[in-house]
Amino acid sequence: METKHSNEIFKITGNWETQSKALKQKYSQLTDSDLKFEPGKENELLSRVETRLNKKREEVINILKKNQTEKV
């Protein structure tokens with residue numbers, strides 16, 4: 001499995017409102033502010049989630065990608 005590091009470009013696909021609700025259920029420490037998404041500002045969203053969950057960028061990207069496939 002190929003892993004790209006923190007320069008990986010991540011795009012939000014699908015219904016973010018639904019996905020963010022699912023993430024909040026799974027990770028109760030996440031807040032609405034953490035999950036606020038503005039198009040083109042994916043990196044800011046990733047940084048907030050990384051900090052809140054205390055995880056590396058790659059882990060956060062994998063969590064979000066997995067969540068997208070479950071909720072689409």
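The values are calculated or read from the model by the stated rules, or taken from the named source; none is laboratory data. All of these numbers come straight from a predicted model, not from anything done at the bench. Glycine gets a Cβ as well: all are built from the backbone with ideal geometry, and neighbour counts include every protein chain shown.
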(Q) Show the residue pairs meeting these rules: Cβ distance below 6 Å; 6+ apart or different chains; first residue within the stretch 22-33 and farther than 17 Å from Asn54 by Cβ; second residue of a type in the set (Lys, Arg) and surrounded by 14 or more Cβ atoms within 10 Å (Cβ to Cβ). (A) Ala22/Lys71
Q: Return only the number of the condition from (1) of a type in the set (D, E, K, R); (2) outside any loop (DSSP other than H, G, I, E, B); (3) at pLDDT below 95; (4) touching an Asp or Glu at 6+ places or on another chain (Cβ under 8 Å) that Glu70 does not satisfy.
A: (4)
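Results for (1) of a type in the set (Asp, Glu); (2) over 15 Å from Lys11 (Cα atoms), shown as yes or no for each residue.
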| site | (1), (2) |
| --- | --- |
| Tyr27 | no, yes |
| Thr31 | no, yes |
| Asn43 | no, no |
| Ser47 | no, no |
| Asn54 | no, yes |
| Leu64 | no, no |
| Glu70 | yes, yes |
